[in-house]
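**Student:** Below: one structure in structure tokens.
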Amino acid sequence: MSRTIPAGSRVLITGAAGGFGAPTAARLRDAGAHVIGLDREPGDGVLACDITDDAAVDRAVSAAVDRLGGLDAVAHYAGIGIPNDAGGPLQPDAMRVIDVNLLGAWRVTAAALPALQASRAQRGGSRARVVFVASELAYLTLPFVSAYSVAKRGMTAYADALRLEYGTELHVTTVYPGYVRTPIHDAGRAVGLALEGQVRREEVDDIVGTVLRVLGAKRPPRDTAGTLAGQVELWAGRHLPGLVSSGVARTLRARAASGHYDSSPLAAGLVRRLTGRDILSTIAEPTQERSPR
């Protein structure tokens, strides 16, 4: 794959103020691209947009296209991660995760599609690009991230449908990062359900570099991970799902038995089902911090 996006390319990035979006925008601008971002808070080159709001998305995408003078590519990074119980209520957390991570990408893509289709004529027949940044959790199921996994697996299906229906006018790629230490994991860490240490770690530049290569490739891939190890895991997850899930289940049972989840009330039901232990009776009430005198 080529590593250089054509100078003058017009790119829209969702989650543009986040751990992936900000460095991607900076490197694209360094390469001569014109970039507008969407995020919850406005900033330099970033438009405020709640991607769960249809009208807000339509306004923000229209404003971005006007500023850029057209649109050649969209890169989807926007996402949140809130732990949830797969057997628990959908509202508010599970639905919020699905709305932001899956439906938000769908809304922005649909709003941007006319400009992306027009790009081909403007750029001499070269197809526009749409890059969806999913997750290895789209094919590797772990506990307490069911809403996130559903959203990312759904994103993969949406990318496949978009490619099938609009592949004559768009290149569509799905990228599958592993665990990367970004603020999206703060919510899990806060309730004792951090993913760190449970899955292989990658670095921000692994994913940013992959997205940049996809945007600059003459023939961008359909699906790609961010590292060689990630490519092996992606292959295994797609071709050996039973083996992979069996390994995850064994690890999960061992972690539950070792007390790994004992500090998290959300995990109490799972620990009881796997080990027979009641951890709720052992979880102490959090102590209140005293204000400094």
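**Student:** Looking at the stretch 260-277, which of the residues that are modelled with pLDDT of 90 or more and farther than 22 Å from Thr141 by Cβ is surrounded by the most Cβ atoms within 10 Å (Cβ to Cβ)?
**Tutor:** Taking the candidates together, the pick is Arg277.
**Student:** Sticking with this structure for a sec: Against the conditions (1) modelled with pLDDT of 95 or more; (2) in contact with a Phe, Trp or Tyr (Cβ under 9 Å, 6 or more places away or on another chain); (3) closer than 24 Å to Thr227 by Cα, where does Leu137 fall short? Just the number, please.
**Tutor:** Tallying (1) modelled with pLDDT of 95 or more; (2) in contact with a Phe, Trp or Tyr (Cβ under 9 Å, 6 or more places away or on another chain); (3) closer than 24 Å to Thr227 by Cα, Leu137 fails exactly one: (1).
**Student:** How about the stretch 65-178: which strands (runs of 3 or more DSSP E) wholly inside it have at least 3 residues that are buried (at least 19 other Cβ atoms within 10 Å of the Cβ), of a type outside the set (D, E, K, R) and not assigned by TED's automatic domain parsing to the domain that holds Thr210?
**Tutor:** Those strands (runs of 3 or more DSSP E) do not exist here; none qualify.
**Student:** Filter the stretch 177-196 down to the residues that are of a type in the set (Gly, Ala, Ser) and at pLDDT below 65, then identify the one that is nearest to Gly259 (Cα to Cα). Outline the logic, then answer.
**Tutor:** Residues of the stretch 177-196 of a type in the set (Gly, Ala, Ser): 178, 187-188, 190, 192, 194.
Now narrow it down to the ones that are at pLDDT below 65: 187-188, 190, 192, 194.
Values: Ala187: 20, Gly188: 17, Ala190: 17, Gly192: 12, Ala194: 14 Å.
The residue in question is Gly192.
**Student:** Among residues belonging to the stretch 231-245 that are aliphatic (A, V, I, L, M) and over 19 Å from the mean Cα position of the chain (by Cα), point out the one that is nearest to Val175 (Cα to Cα).
**Tutor:** So the first thing to find is which residues in the stretch 231-245 are aliphatic (A, V, I, L, M), and the list is 232, 234, 236, 240, 243-244.
Retained after the next criterion (residues that are over 19 Å from the mean Cα position of the chain (by Cα)): 232, 236, 240, 243-244.
Values: Val232: 14, Ala236: 16, Leu240: 19, Leu243: 23, Val244: 20 Å.
Restricting to residues being aliphatic (A, V, I, L, M) and over 19 Å from the mean Cα position of the chain (by Cα), the top hit is Val232.
**Student:** If you don't mind, another one. I'd like to check something: does the stretch 242-257 contain any residue that is among the basic types (Lys, Arg) and surrounded by 15 or more Cβ atoms within 10 Å (Cβ to Cβ)?
**Tutor:** Yes: one or more hits.
**Student:** Residues in the stretch 43-54: is at least one out of contact with any Asp or Glu (no Cβ under 8 Å at 6 or more places or on another chain), closer than 22 Å to Tyr176 by Cβ, among the acidic types (Asp, Glu) and modelled with pLDDT of 95 or more?
**Tutor:** No - not one qualifying residue is present in the stretch 43-54.
**Student:** So, of the residues in the stretch 197-247 that are among the polar types (S, T, N, Q) and in the same structural domain as Tyr77 (by TED's automatic domain parsing), which turns out to be farthest from Tyr176 (Cα to Cα)?
**Tutor:** For the stretch 197-247, the residue satisfying everything is Gln198.
**Student:** Is it the case that the stretch 21-29 has a residue that's at pLDDT 95 or above, within 18 Å of Val131 (Cβ to Cβ), among the basic types (Lys, Arg) and not in a strand (DSSP E or B)?
**Tutor:** yes
**Student:** Of all residues in the stretch 11-32 being crowded, with 24+ Cβ neighbours inside 10 Å and touching a Gly at 6+ places or on another chain (Cβ under 8 Å), which is farthest from Val180 (Cα to Cα)?
**Tutor:** Taking the candidates together, the pick is Leu12.
**Student:** Continuing with this model, one more query. Looking at the stretch 98-120, I want the residues that are under 11 Å from Asp54 (Cα atoms) and have a partner that is aliphatic (A, V, I, L, M) and part of a helix (DSSP H, G or I) with Cβ atoms under 7 Å, at least 6 apart or on another chain. Which pairs are those?
**Tutor:** Arg107/Val57; Val108/Val57; Val108/Val61; Ala111/Val57; Ala111/Val61
**Student:** Next question. Based on what the data block shows, is Leu38 assigned to a loop (DSSP other than H, G, I, E, B), crowded, with 23+ Cβ neighbours inside 10 Å and assigned by TED's automatic domain parsing to the domain that holds Phe20?
**Tutor:** no
**Student:** Which residue pairs have Cβ atoms under 6 Å apart, sit 6 or more places apart or on different chains, and have a first residue in the stretch 244-270 that is free of Cβ contacts under 8 Å to residues at least 12 places away in the same chain and a second that is basic (Lys, Arg) and surrounded by fewer than 16 Cβ atoms within 10 Å (Cβ to Cβ)?
**Tutor:** Listed pairs, sorted by first residue: none to list.
The values are calculated or read from the model by the stated rules, or taken from the named source; none is laboratory data. The model shown is predicted, which means the values in this text are computed figures rather than measured ones. Here the Cβ is made from the backbone with ideal geometry for all residues, glycine too, and neighbour counts use every protein chain on show.
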